[in-house]
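Worksheet: the structure to be examined is printed underneath.
The values are calculated or read from the model by the stated rules, or taken from the named source; none is laboratory data. Fair warning: this is a prediction, and the values are worked out from it, not measured in the lab. Ideal geometry is used to build each Cβ from the backbone, glycine not excepted, and the neighbour counts take in all protein chains shown.
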């Protein structure tokens, strides 16, 4: 596709359920980032992929959060046993390389009720 | 000290004036610097990138980088109401593999 695609756009889930958020980066982009943005707040770094490997997982808030990237393309962010504090917009970005410009998808708005 | 710092604002400027936004960063080895614009309820949109010391101009936007002072700025000339948004400074740090964002500066352009 022409840009970074994220799905779903919106997700409402019950507390305690697991959710999967998907990111389809721009074709050929090797670097992929996940961020979280709570209402009125800045971007919180979650994880970075270079190809299929994740050299930096330091931003994952807890062991309930995990992410993977397969085939150097699509990435999935999984949140297990969701909590209300997980409610936020989850943003994915991709770039040609770590040093290059990163482009964002439209985000997934997660609401935990 | 935060890795990337910005004044949260709001920065209020009259239409047609120059808006000046500042950003400082802590990792002296940082190599890549970016400015993003984020409208309320939307995702960040890249507006400028700068990699070497000096000025870089693109239309009404000018980015300025001073690595010795660990400082990057963005000037918006002839500000328009449509420029009202939050502007995010992002730095690709040498230490670690992540693109780190400042908290953003909210800009309000008043007609």
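Of all residues in the range A:30-56 being more than 10 Å from every other protein chain (Cβ to nearest Cβ) and within 19 Å of residue B:2 (Cα to Cα), which is surrounded by the most Cβ atoms within 10 Å (Cβ to Cβ)? Out of the qualifying residues, it is A:36. The number of residues in the range A:84-107 being more than 10 Å from chain B (Cβ to nearest Cβ), part of a strand (DSSP E or B) and closer than 21 Å to residue A:73 by Cα comes to 2. May I ask you to say which residue of A:110, A:77 is in a strand (DSSP E or B), farther than 17 Å from residue A:24 by Cβ, more than 14 Å from every other protein chain (Cβ to nearest Cβ) and in contact with a strand residue (DSSP E or B) (Cβ under 8 Å, 6 or more places away or on another chain)? Going through A:110, A:77 in turn, just one is in a strand (DSSP E or B), farther than 17 Å from residue A:24 by Cβ, more than 14 Å from every other protein chain (Cβ to nearest Cβ) and in contact with a strand residue (DSSP E or B) (Cβ under 8 Å, 6 or more places away or on another chain): A:110. Taken over the range A:27-59, the residue count meeting the criterion of being under 14 Å from the mean Cα position of the chain (by Cα) and under 21 Å from residue A:8 (Cβ atoms) is 12.
Of all the residues in the range B:9-37, those that are assigned to a loop (DSSP other than H, G, I, E, B) and within 22 Å of residue B:80 (Cβ to Cβ) number 6.
The residues of the range B:18-40 that are surrounded by fewer than 19 Cβ atoms within 10 Å (Cβ to Cβ) and within 9 Å of another protein chain (Cβ to nearest Cβ) amount to a single one, B:31. A count restricted to the range B:81-96 and to residues that are modelled with pLDDT of 95 or more and out of contact with any strand residue (DSSP E or B) (no Cβ under 6 Å at 6 or more places or on another chain) stands at 1. Out of B:69, B:52, one residue alone is over 29 Å from residue A:3 (Cβ atoms) and either in a loop (DSSP other than H, G, I, E, B) or within 12 Å of chain A (Cβ to nearest Cβ) (or both). It is B:69.
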